[in-house]
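Asks: Can you read through this structure? Questions will come right after.
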Ligand code: DGL
């Protein structure tokens, strides 16, 4: 029997906070444990095996802190590590625990968002190269044309808190121009990296207002709510004291300073070492 515990939320760094805050807004009753692997972020252009090893270590660290359900609030980790963890590791670690990703819930809503069936994905090199988005979208909507663009500088701009500065404009415009050159008919653009919602004002500035921009947090939160309603045995062991604990693999004060900007509030943070 699993002991009741918080819901784990993991990202390579700060990006998953954009997902956590939407989850907390929709499901404020639960307890959460957030882990950012800031000392090893960004994950974006790391190899498949390294992302898998780092993500597995993070999931184990969250399990050790009592989580029974962990959300990989990172597209790169969802693309490169989720399947192996679900299929190979969980049966050995604890078959009752669960790890969920964020690509599938995003793919599920795309069919209702695009009018002309031309969809673009912006993501890290790892997410785009993995082809996870086209694969998941085509399982559900084979008629949608999916075009990807890797934006290797965007997550580092956010991690380094340069996202409001002029340097960010150069890289944002460059990648948006590239993807629209590949498919000028795109009417729906997925921000397929949890860091990118921090760049949304600049992204909007360089795009025609006719293009829908999909920021994942809201849909991941709705999908988690739906998951918990379909899995009452898991819902019953999610503790409900409205408390969130924050962990980072970097210095705690560094994380709390940056996270307070992302979350608009001061938080207590604990540094942990995972390996
Ligand atoms: N936030 C992560 C994602 O959603 C990746 C950023 C990175 O570590 O490169 O893909």
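Read-outs throughout are calculated quantities, based only on the coordinates presented, and are distinct from any laboratory measurement. All of these numbers come straight from a predicted model, not from anything done at the bench. Cβ: placed from backbone, ideal geometry, glycine included. Neighbour counts: every protein chain shown.
Asks: Using every Cα-Cα pair within the stretch 114-158, state what percent have a distance larger than 14 Å. Working shown, then result.
Replies: Numbers: 487 of 990 pairs.
So the portion of pairs separated by more than 14 Å is 49 percent.
Asks: To continue, here is another question. Quote the Stokes-Einstein diffusion coefficient, in whole µm² s⁻¹, for the stretch 191-268, based on the Kirkwood radius over alpha carbon pairs, a temperature of 20 °C and a viscosity of 1.002 mPa s.
Replies: This corresponds to a translational diffusion coefficient of 136 µm²/s.
Asks: So, one more: If you fit an axis through the alpha-carbon atoms of helix 48-64 and take the longest principal axis of the Cα set of the chain, what angle between them do you get, 0 to 90°, nearest 10?
Replies: With rounding to tens, the tilt is 40 degrees.
Asks: Let me ask something else. Quick check on the exposure proxy: order 56, 80 from fewest to most C-beta atoms within 10 angstrom. If you can, show how the numbers build up before the last one.
Replies: Numbers: 56 19, 80 27.
If I rank by nearby Cβ atoms, fewest first, I get 56, 80.
Asks: Using a simple spin-label model with points 7 Å from Cα along the Cα→Cβ vector, what separation in nm is obtained for residue 53 and residue 236?
Replies: Taking the two extended label points, one gets 4.0 nm.
Asks: Right, something else. Counting other beta carbons within 10 Å of each residue's own, what order do 103, 121, 274 fall into, fewest first?
Replies: 274, 103, 121
Asks: Here is a further query. Roughly how far apart, in whole Å, are the Cα centres of the stretch 205-252 and the stretch 30-58?
Replies: About 17 Å separates the Cα centre of the stretch 205-252 from the one of the stretch 30-58.
Asks: Could you grab the relative contact order for the chain? Cα pairs under 8 Å, six or more apart, rounded to a whole percent.
Replies: Details: 522 pairs, mean separation 76.9, N = 275.
Over the chain, the number comes to 28 percent.
Asks: Another question about this same structure. For the chain, what's the radius of gyration and Dmax over Cα atoms, in angstrom?
Replies: 17.8, 54
Asks: Right, another one. Convex hull over the alpha-carbon atoms of the stretch 86-193: what's its volume per residue in Å³?
Replies: Working: hull volume 13.7 nm³, N = 108.
Taking only Cα atoms, the stretch 86-193 has a hull volume of 127 Å³ per residue.
Asks: Could I ask something else about it? How large is Rg over Rh for the stretch 179-222, taking Rg from the Cα atoms and Rh as the Kirkwood inverse mean of 1/r across Cα pairs?
Replies: Here Rg/Rh amounts to 0.98.
Asks: Just from the alpha-carbon atoms, what are the Rg and Dmax of the stretch 142-208 in angstroms?
Replies: When restricted to Cα atoms, the stretch 142-208 yields Rg and Dmax of 12.0, 39 Å.
Asks: Among 17, 90, 82, which one shows the biggest mean-square fluctuation in a GNM of the chain, springs joining Cα atoms closer than 10 Å?
Replies: 90
Asks: Right, something else. In nm, to one decimal, how far is the modelled label at residue 60 from the one at residue 25, with both set 7 Å along Cα→Cβ?
Replies: Using points 7 Å along Cα→Cβ, the separation is 3.6 nm.
Asks: Continuing with this model, one more query. Once both labels are modelled 7 Å past Cα along the beta-carbon direction, what's the residue 254-residue 229 spacing in nm?
Replies: The two pseudo-label positions are separated by 4.2 nm.
Asks: Still on this model: Checking the a/c ratio against 1.5 first, then a/b against b/c, what shape does the Cα gyration tensor give for the stretch 137-273?
Replies: oblate
Asks: Using only the alpha-carbon atoms, how far is helix 166-182 inclined from the longest principal axis of the chain? Give it as 0 to 90 degrees, nearest 10.
Replies: 70
Asks: Next question, about the same structure. Give the average over all directions of the projected area of the C-alpha convex hull of the stretch 36-146, one decimal, in nm². Present the calculation step by step, with values, prior to reporting the outcome.
Replies: On the way: hull surface 29.2 nm².
Projected over every direction and averaged, the Cα hull of the stretch 36-146 covers 7.3 nm².
Asks: Same structure, new question: Taking every Cα atom in the stretch 1-84, find the radius of gyration and the maximum pairwise distance Dmax, and write them in Å.
Replies: Using the Cα atoms of the stretch 1-84, the pair Rg, Dmax is 12.5, 39 Å.
Asks: If you fit an axis through the alpha-carbon atoms of helix 217-230 and take the longest principal axis of the Cα set of the chain, what angle between them do you get, 0 to 90°, nearest 10?
Replies: Roughly 40 degrees, rounded to the nearest 10.
Asks: Fully extended, how many nm does the chain gain between residue 173 and residue 161 (0.36 nm per residue separation, minus their Cα-Cα distance)? Can you show the working numbers first?
Replies: On the way: separation 12, 0.36 × 12 = 4.32 nm, distance 1.80 nm.
Additional length available on full extension: 2.5 nm.
Asks: Give the order of 85, 190 when sorted by the count of other beta carbons within 10 angstrom, beginning with the fewest.
Replies: 85, 190
Asks: Full extension from residue 243 to residue 45: what is 0.36 nm times the residue separation minus their Cα-Cα distance, to one decimal in nm?
Replies: 67.9 nm
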